[in-house]
Amino acid sequence: MRTNEEMFNELDRFIEQECNCDEQELIAILHRAQEIFGYLPMVVQAHVARKLGINVSKVYGVVSFYSFFSMEPKGEYVISICMGTACFVRGSDKILERVEQILGIKNGQTTADGKFTITTLRCVGACGLAPVLQINDKTYGNITPEDVESIIAQY
Amino acid sequence: MCTKITSKEQLLTMYDNVKELIEKRTTLQEKPEKYHISVCGGTGCMSSKSEEIVKSLKHWAKEYGVEDKVEVAITGCFGFCERGPIVKIFPDHTFYTKVTVEETERIIRRHVCSHDVINHLLYKNNNGERVFTQENIDFYKKQNRIALRNCGLINPEEIAESIAAKGYQALATALFDMTPDQVIEVVTASGLRGRGGAGFPTGLKWKFAKNAKSKKKYVICNADEGDPGAFMDRSILEGDPHSVLESMAICGYAIGADEGYIYIRAEYPLAIKRLRIAIKQATEMGLLGDNIMGTGFSFNIKIKYGAGAFVCGEETALIHSIEGKRGEPTLKPPFPAEKGLYGKPTNVNNVETWANIPYILLNGASNFASIGTEKSTGTKVFALAGKINNGGLVEVPMGITLREIIYDIGGGIPNGKKFKAVQTGGPSGGCLSEKDLDTPVDYDSLVAKGSMMGSGGMIVLDEDDCMVNIAKFYLEFTVEESCGKCTPCRIGNMRMLEILNRITEGKGEMHDLFELENLATTIQSSALCALGQSAPNPVLSTLKEFRDEYVAHIVDKKCPAGSCRSLLNYEIVTDLCLGCGLCARNCPTNAIYRTDKTGANARLNAYAINPDKCVKCGACVSKCPAKPKAIKK
Amino acid sequence: MLVNVKINNMEFQEDSSLTILQVAKKHGIRIPNLCYMMKEEVDLEHKPASCRVCVVEVKGRRNLVPACSTNVANGMEIYTHSERVRRERRTIVELLLSDHPHDCLTCGKCGNCELQDLSVELGIKKLYITGPMSQENVDVDEGSLRRNASKCILCGKCIAICDHVQSVGAISATNRGFGTKISLPHDCVNCGQCVQVCPTGALQQIDDTRTLEKILADPTKYAIVNTAPAVRVSLGEEFGMAPGTNVTGKMITALRMMGFKKVFDTNFAADLTIMEETTEFVSRLKSGKNLPLITSCCPGWISFVETQFPELLNLPSTCKSPQEMFGAIAKTYFAQKAGIDPKDMVVASLMPCIAKKQELKREEGMFDGMHGTDFAMSAKCVAKLMRRCGIDDLANLPDGQFDDPLGASTGAADIFGNSGGVMEAVVRTASLWMTGQVPKAVEYHGVFGAHNTREAYVSLGDDVKLHLCVVSGLANARKVLEDVKAGRVHYDAIEIMACPEGCINGGGQPINKLYEQKDVIAMRKEGLRNIDRNKAIRVSCENPQIKTLYADFLGEPNSEVAHKLLHTHYSNKQQTFEEETND
């Protein structure tokens, strides 16, 4: 586990050396920051803002606009259910429901033990396997609500 | 490989040297000395372990001592995702579908060692015949792969393979043999229209950008594929990244730009990785970067990540996002061609549009224009999905009918269900019904029918799909993705969605339909950007084609497709119930109980559902072994 | 290029650089709009084309176009109020109303709300479109601002002002879609310019006059008030008078009628400020340290430097602002003189400003465990309070006089309300001290390419040549400060006012819909100039009551007592996020 200071140092190096403290690189910087910290709490946003010489409200405006950025820490395993059209017409809403039921949390939330987060995403490009569920980098295709429990049980 | 190419001749010499890489694959030959096995590296097949398949094939080749007789490589997407993972064997062109890691041993032992085809891995056509080669599969017969020409053919991580497939020859032709105006003329004459949605003529767009007076101009590749049912841009970038880089440089030469950006979804890690490799390799070879092929023309490409906002597919929003801001569209005019990225003239095209450019320059405008229809030339890639037998990426000539795509290529509707509608154009498009199946697929015909081409999502729906629910699905998407800047889109679409929610919950009233139409009209004519303006299309088109279904929800409080849960009631038909109890054991809420009556089986009592406990999940129906099923909704 | 256009069947020849909205306005056609804003006085045109209220029909186009950002073109046939336009415009406004609370009767903006006016104009009598609201209808008070996100129509004017005119960037649109809203302000300087442009009740100033009313009725409290220079030429506007009308006497009478025991003049404290600040300036000039001296009367500017330029905190004058000096003197010198326990004394100030509400809370301004000022009321709020007290016809009130001993002032204090006034007042006194003469008005010239940034060279005798700068609007101030920081310019003194053109255009001033804002500013400015011109004494150090104050109480400028009561210090106030908060 790295210390906070190390993480901020890495971010600073990126902002200074690769982005030249340029405000127009904000989205790239936020991507990197999220990679480093796992999420984008206000302290990190304020830090980025000061580095770029802009008001933190501008950073927050961008962070809250894009769904890829998160201000909440994510669980160890992120369960993403594809809600693209192809998956939807093959019942991905029922998959989501089952996942929510099993974990007892709603879409977008993280379990109290920090193990699982449920998210939805739009079309992973595996429409042939619809409906599709991903856990971190692993993809499960052609699943039914009945399969969900055994898939989650593997983690 | 790292010597810089400094003239057209050098590029052509190199092409001569490496072209056999491709030729030995494309020239059909039975029982060859050496095999080349291509494994699909598209995201769909990757999810089905195609990387492990490659490893395993290599492993078995070693085990059987045939390493020198076989090459195994990962390629771009074959498009036939429904049957993935796809393994294609050159030069005999055997096309294996649904290959598993377990089958790899057999492929090496039988196919490579004994030239023996493994029958059960072959695809079965609609008539039940097993087919050996890709060309003879119904799915591919009517396709004409131009944008996808190299996907599945080349290894996208090797620039030599791209060069072997005539990569960068179009750029060389433009730089050495043509003036910028001539390049634009050819693109204009080809009739190519933007493949990202609205179908604006590409040549004209380039001309506007060229005519804008500025020392600095930009070229942007829009790879922010946002339609929730389309993934052709991703497949092109993953399967043939060089064709996009080459085209951007051609455009840069034509309009006078020396810098390009690829704006790509951060959710596409594989495409990003392959683009990075491609840019590095092309730059090292002098095909990109400073002083391209010794001509003095420079063109540098940077990658910018999107961060999850559908609206960034709109070009002004995309530009703001590249500038590090919220991706809110601004009013056009001024168009990006006058005032785009950092206030400079900018030309934005989407990935699929770019992928067509080298073909046009190498084969001539008239060749391209001869494909398709008069006003919609060339081909279009569709992501065929939904209730369809052969889903996947298909590239068809414009003007082909929906019926041909759905039945001839897609193999029709699975499980003997009835076709109901096809949705094109994603959240901006509409639903077409049975009577529109013979509509030619081109920009203008689809618009005339109340849908649109869009980026190429094509979702087939069957009798189990509720059209109100489908409209609601798309509207939910638009509401979630609306940038929130203008009133009609921000509030109007939400209000429409609320009405649809009411209708699907059985709380709708007839005047809601009037209200939907009223709101839709205002949103269409007064929203700020094209996304807002087109957001009501799915609702309007379903209201037009399937009004009865709306009325059934409102008046009869019934969902004819049996899909809207609030309007459903599950019931066990006592006479059909076998009394097995599978339904009760699988009911998550214990809503199913045993009755004191016997049903189909005289020895076991039948079951019944307590409607107060039932959450209408449908688990019981899927488990019921009776034929016909004893549970009705 | 001249083009022929037809608007509502009338033909016009107009320049193609004009928008439909501009051409229509020229010919007497009002196209309603909510998000369009043209502020000539600060060179800002805001046209996000987002509210869509100004949409009009153009023949041959399938969709309606926004008049605010569509230029006229040759042969264009425009219908600004066709049945279709009126119908769709009404739907758009109905949509806004469907996501807006219907508590107009008790909303602070009632009667002054553009959305309300629009609903009336379009004849919306019943809402056919309804649904849950995107934001909860709650007032959130922070700093001097009251925000209510549910009343926001996302026109973005506040953001435009804050970004482009003030360069603070305190607010931003956040989230997206139906949930879009304006963020909580960060590092806000409370200048109130956003409040001035908000078309609805989403952004208002905190109005605490109700508490003051109770205090005025409390016999155990001794409430006194002081009035800032810029208010005397604007308050009349709230009662139908032209901008710039000098209502000093009427205002004094009204304040007495409301129950203030004493009505004093902030100008008195302004003269006092000049005594202290000029002394400090002369001393910094002599030492050559901490130059340029930057004026410190404006609390918006002080917040700005404390949050945006913490490395320059040695430059602002250590003098408190006139409001704060007044409070300190009132609760010490005057309290002693009048024999009142300062704890029973309530000091109110009547200000053109809402940042003053924050200034009075500064811990750095405390003395003997007390704050000097207890209430800072804006001109807008005071006008409302006056109405509640039955004062409607301000023009016909008899003229009153300021009370002694904190009521006398010189012309140098009146011009504090104009950008450049403080600097001029300093020069008058410094010149008198150093050369024995009062110079003519300082002649400024504009800094090339900069709006509201002016500079001047002033000679004080043969040895001292001063390079002075006067800047208003914080975006302009930022440029000057960047130049100072980088050593690109050298000034001896800078006057900075947060609001463009100074306090006459302050964030607490009346909003005048009868005039263009640039004319309002010019008239108020001239009003103050006139007062100055007609004053018998125009140099601060000659104010007899100030002389008495020093003789009887303070000793001399920058004395120990003066330092304790009249000077302050600054610190880095950048917001930290150790505790996670946002909305």
Quick one: pull the percent of accessible area on chain B belonging to carbon and sulfur, 1.4 Å probe, ligands and nucleic acids left out.
-> 50
The range A:77-100: which residues show an accessible-area loss of 50 Å² or more, assembly versus chain alone, 1.4 Å probe?
-> A:THR85, A:PHE88, A:VAL89, A:ARG90
Might you report the magnitude of the Cβ-based charge dipole of chain C about its Cα centre, with Lys and Arg at +1 and Asp and Glu at -1, to the nearest 20 debye?
-> 1520
Toward the positive end of the charge dipole of chain C, about the Cα centre and with charges on Cβ (Lys, Arg +1; Asp, Glu -1), which of C:GLY487, C:VAL233, C:GLY407 goes farthest?
-> C:VAL233
What are the residues whose amide H is under 5 Å from the amide H of C:CYS353, where those residues sit 5 or more places off or on another chain and H is modelled from the backbone?
-> C:ALA379, C:GLY508
Here, GluC sites (Glu not before Pro) of the range B:1-100 satisfying both criteria (DSSP loop; at most 15 other Cβ within 10 Å) are B:GLU30, B:GLU33
Would you mind getting the accessible area per residue of chain A, heavy atoms of the protein chains only, 1.4 Å probe, in Å²?
-> 42
DSSP-defined antiparallel bridges as percent of all bridges, the range C:209-566, nearest 5 | 35
Would you mind telling me the share, in percent, of accessible area of the range C:101-205 contributed by carbon and sulfur at probe 1.4 angstrom?
-> 53
What do you get for Rg/Rh of the range B:569-632 when both radii come from the Cα atoms and Rh is the Kirkwood radius?
-> 0.92
With axes computed from alpha carbons, what is the tilt in degrees of helix B:202-211 against the longest principal axis of chain B, rounded to the nearest 10 within 0 to 90?
-> 50
Size descriptor, Kirkwood hydrodynamic radius, that averages inverse alpha-carbon separations across the protein assembly as shown, Å | 35.4
Accessible-area loss of at least 10 Å² in the complex relative to the chain alone (1.4 Å probe) applies, within the range B:332-346, to B:TYR342
For C:ARG146, residues with placed amide H under 5 Å, excluding near neighbours | C:GLN204, C:GLN205, C:ILE206
Where C meets A: accessible area buried, both sides, 1.4 Å probe, Å² = 1500
With the cut-off at 24 Å, report for the range C:101-205 the share of all Cα pairs above it, as a whole percent.
-> 23
Dipole in debye (nearest 20) - the protein assembly as shown, about Cα centre, beta carbon charges: Lys, Arg +1; Asp, Glu -1 = 2400
Sum of -39500 (n - 2.57) over DSSP H runs of 4+, divided by residues of the protein assembly as shown (222 nm, nearest 500) | -10000 deg cm²/dmol
Apply 1/(1 + (r/R0)^6) to the Cβ-Cβ distance of B:ASN363 and B:ASP444, taking R0 = 22 Å, and write down the FRET efficiency to the nearest 0.05.
-> 0.35
Mind ranking C:402-408, B:129-135 by how tightly packed they are, going by the mean number of other C-beta atoms within 10 angstrom, highest first?
-> C:402-408, B:129-135
Would you rank C:ASP344, B:ASP438, C:ASP532 by solvent-accessible area, highest first, keeping every protein chain in place and using a 1.4 Å probe?
-> B:ASP438, C:ASP344, C:ASP532
The range B:86-207 accessible area per residue, 1.4 Å probe, protein heavy atoms, integer Å², reads 36
What size of dipole, in debye to the nearest 20, comes out for the range B:123-259 about its Cα centre when the only charges are +1 on Lys and Arg C-beta atoms and -1 on Asp and Glu C-beta atoms?
-> 560
Using a 1.4 angstrom probe on the protein heavy atoms only, line up C:LYS262, C:LYS465, B:LYS485 by accessible area, largest first.
-> C:LYS465, C:LYS262, B:LYS485
Farthest towards the positive end of the dipole of the range C:415-512, among C:ALA425, C:ASN505, C:ALA456 and with Cβ unit charges of +1 on Lys and Arg and -1 on Asp and Glu, lies the Cα of C:ASN505
Tilt, helix B:8-18 to longest principal axis of chain B (alpha-carbon atoms), in degrees rounded to tens, equals 60
In the range B:203-242, which trypsin sites (Lys or Arg not before Pro) fall in coil by DSSP and have 15 or fewer other Cβ atoms within 10 Å?
-> B:LYS213, B:LYS215, B:LYS216
Any GluC sites (Glu not before Pro) in the range C:459-538 that lie in a DSSP loop and have at most 14 other Cβ atoms within 10 Å would be C:GLU516
Buried by partner chains in the range B:514-554 (accessible area down by at least 10 Å² vs chain alone, 1.4 Å probe, heavy atoms, protein only) are B:GLU515, B:ASN518, B:LEU519, B:THR521, B:THR522, B:GLN524, B:SER525, B:SER526, B:LEU528, B:GLN533
On complex formation of C with B, accessible surface lost, both sides summed, probe 1.4 Å, nearest 100 Å², amounts to 2500
Tally Lys and Arg at +1 and Asp and Glu at -1 over the other residues with C-beta under 12 Å from the C-beta of C:GLU114: what net charge comes out?
-> +2
With each label point set 7 Å from Cα along the Cα-Cβ vector, what nm distance links B:GLU374 and B:ASP575?
-> 6.2
Accessible surface of B:ARG106 - all protein chains present, 1.4 Å probe, nearest 10 Å² | 80
Lys and Arg at +1, Asp and Glu at -1: neighbours of B:LYS24 with Cβ under 11 Å from its Cβ sum to -1
Considering only protein heavy atoms, what is the solvent-accessible area of C:ARG388 at a probe of 1.4 Å, reported in Å² to the nearest 10?
-> 100
Total Å² of accessible surface buried at the B-A contact, 1.4 Å probe, nearest 100?
-> 3500
Please list C:TRP433, B:TRP206 in order of solvent-accessible area, largest first, computed with a 1.4 Å probe with all protein chains present.
-> C:TRP433, B:TRP206
Probe 1.4 Å, protein heavy atoms only - accessible area per residue of chain C in square angstrom = 39
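The values are calculated or read from the model by the stated rules, or taken from the named source; none is laboratory data. Since this is a predicted model, take the numbers as computed values, not measurements. Cβ: placed from backbone, ideal geometry, glycine included. Neighbour counts: every protein chain shown. Surface accessibility is based on the protein's heavy atoms, side chains included, excluding ligands, DNA and RNA. Shrake-Rupley method; radii C 1.70, N 1.55, O 1.52, S 1.80 Å.
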